[in-house]
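Below: the structure, in structure tokens.
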Amino acid sequence: MDLHLTPDVAAFQAVLARLSSEDWARIDSASQTAAAKAAEAAPHWDFEMPAKAVDAVLGAGVSDEVRRGLIASWALQLPDRVAAMALPAEVLALYPYWIEQLAAFLTKAEGDYVFDHWAKDVRFTLGLSVPAAKSQVIDLSSPVGPGQIIKHVRDGWGFGPLFRYLAAGAKREPWLEVHTESRWLRGFNEDGWNEAWATAAELCRTRPELAGMIGSSWFYDPPLTEISPRLAHLRLNPLKGGAFMVHQGPGEIHTERAGTASASRKALIDSGDYTARSWLMVWPRKELIAWADSRKMGEAG
Ligand SMILES: CC(C)(COP(=O)(O)OP(=O)(O)OC[C@H]1O[C@@H](n2cnc3c(N)ncnc32)[C@H](O)[C@@H]1OP(=O)(O)O)[C@@H](O)C(=O)NCCC(=O)NCCS
């Protein structure tokens, strides 16, 4: 299958050419075991687990140059991996853009490899996560245990999600999980998110074992409809399409992320007028596919 990798091969090879022979040897000896350990770790709820598993194989004191080299070498193998994955056309069409972004990132990169980027690149180059749209990536296997739903009910947020969870087939696994790619944000807008949901629906269509799609973020928090209306679509569109929301609660990471880009939200947080809370967005496969079908009909009409 042609992923149009050709223009970027030289960029990945150049990243490898920067390495010393010792670093080359380290990558060569770790590559296969690291890939296998990462794949084993991928269904864990923590999307960073594959990267942590790779670090354990690489061993203490590994440099970020070696990490980048490993990613470049896995990127060169990506067409073969993807060919074996039977992905829908909507996902395949996104690969040239994503590979180009990754090649540009690795070419320019020096100094620290931010852990979130490393974690995403491990998953992407090993085919554990696939592109969903220009700024969204989808993990192919995530769990949704009953614990969070029970906590939502126990904490007084209502019974709704419990019934929806049971109706979606409580024991059914795995779920897709969407993440934002903060390095290339040009698709972080309503159209971009609709594309991401639609890609997830196509994956569900081709993989009957999938229970649906989830996302976890501060940006699903209901007060944002008032205080950051440009983000309201993130919660309202999935809800209109049959998703349900499970309260996860406040936390330092959510406060930090919610305050990163918006001065007005940061001011509300600092004054104590707003507390950022994370929510789990759960979109069961039946409703997600129905939403995608009606979107297609809308586009055709
Ligand atoms: C998630 C994120 C990318 C959303 O960014 P965004 O679409 O620009 O939306 P934000 O509400 O955060 O907007 C940031 C600010 O830029 C302004 N802005 C954004 N787009 C604009 C545009 N096109 N024109 C003018 N101003 C704009 C907004 O007005 C806002 O400032 P304000 O709220 O004080 O008015 C951003 O908040 C972010 O990078 N957060 C940290 C990382 C993160 O949380 N990632 C998701 C993990 S779950």
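Summary table
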| read-out | value |
| --- | --- |
| Candidates GLY215, GLY249, filtered to the one that is within 16 Å of the ligand (Cβ to nearest atom), farther than 30 Å from MET85 by Cβ and touching an Asp or Glu at 6+ places or on another chain (Cβ under 9 Å) | GLY249 |
| The range 252-275: number of residues that are near the ligand (Cβ under 9 Å from one of its atoms), farther than 22 Å from MET213 by Cβ and outside any loop (DSSP other than H, G, I, E, B) | 9 |
| The range 179-200 residues that are farther than 18 Å from ASP116 by Cβ and outside any loop (DSSP other than H, G, I, E, B), paired with ones that are among the hydroxyl-bearing types (Ser, Thr, Tyr) and at pLDDT 95 or above (beta carbon under 7 Å, 6 or more apart) | GLY192/SER135 |
| Of residues in the range 153-173 being assigned to a loop (DSSP other than H, G, I, E, B) and modelled with pLDDT of 95 or more, the one farthest from the ligand (Cβ to nearest atom) | PHE159 |
| One residue from MET297, MET213 being touching a Leu at 6+ places or on another chain (Cβ under 6 Å) and over 18 Å from TRP157 (Cβ atoms) | MET213 |
| Check on ILE149, touching a residue at least 60 places away in the same chain (Cβ under 8 Å), assigned to a helix (DSSP H, G or I) and either within 14 Å of the ligand (Cβ to nearest atom) or surrounded by 19 or more Cβ atoms within 10 Å (Cβ to Cβ) (or both) | yes |
| PHE115 being under 16 Å from the mean Cα position of the chain (by Cα) and crowded, with 21+ Cβ neighbours inside 10 Å | no |
| Qualifying residue in the range 128-146 (condition: among the β-branched types (Val, Ile, Thr), within 16 Å of the ligand (Cβ to nearest atom) and buried (at least 21 other Cβ atoms within 10 Å of the Cβ)) | yes |
| Output for the range 22-74, where each listed residue is within 21 Å of LEU176 (Cβ to Cβ) and either touching an Asp or Glu at 6+ places or on another chain (Cβ under 6 Å) or not assigned by TED's automatic domain parsing to the domain that holds GLY111 (or both) | PHE47 |
| Residue within the range 139-154 that is in contact with a His (Cβ under 7 Å, 6 or more places away or on another chain) and more than 30 Å from GLN77 (Cα to Cα) present | yes |
| Subset of the range 227-246 (residues that are more than 11 Å from the ligand (Cβ to nearest atom), surrounded by fewer than 20 Cβ atoms within 10 Å (Cβ to Cβ) and outside any helix (DSSP H, G or I)) | GLY241, GLY242 |
| All positions within the range 174-199 that are hydrophobic (A, V, I, L, M, F, W, C) and either within 16 Å of the ligand (Cβ to nearest atom) or closer than 15 Å to PHE47 by Cβ (or both) | TRP175, LEU176, VAL178, TRP184, LEU185, PHE188, TRP193, ALA196, TRP197 |
| Residue that is buried (at least 20 other Cβ atoms within 10 Å of the Cβ) and more than 15 Å from the ligand (Cβ to nearest atom), where the choices are TRP291, TRP279 | TRP291 |
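Yes/no matrix, rows are residues, columns are (1) β-branched (Val, Ile, Thr); (2) under 19 Å from ALA132 (Cβ atoms); (3) in contact with a Lys or Arg (Cβ under 9 Å, 6 or more places away or on another chain); (4) modelled with pLDDT under 95:
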{"residue": "CYS204", "(1), (2), (3), (4)": "no, yes, yes, no"}
{"residue": "MET213", "(1), (2), (3), (4)": "no, yes, yes, no"}
{"residue": "SER217", "(1), (2), (3), (4)": "no, yes, yes, no"}
{"residue": "ASP221", "(1), (2), (3), (4)": "no, no, yes, no"}
{"residue": "ILE227", "(1), (2), (3), (4)": "yes, no, yes, no"}
{"residue": "ARG230", "(1), (2), (3), (4)": "no, no, no, no"}
{"residue": "HIS233", "(1), (2), (3), (4)": "no, yes, no, no"}
{"residue": "PRO238", "(1), (2), (3), (4)": "no, yes, no, no"}
{"residue": "GLN248", "(1), (2), (3), (4)": "no, no, yes, no"}
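The values are calculated or read from the model by the stated rules, or taken from the named source; none is laboratory data. Being a predicted model, the structure only gives us computed values, none of them experimental. Using ideal geometry, Cβ is built from the backbone for each residue, glycine included, and neighbour counts are taken over all protein chains shown.
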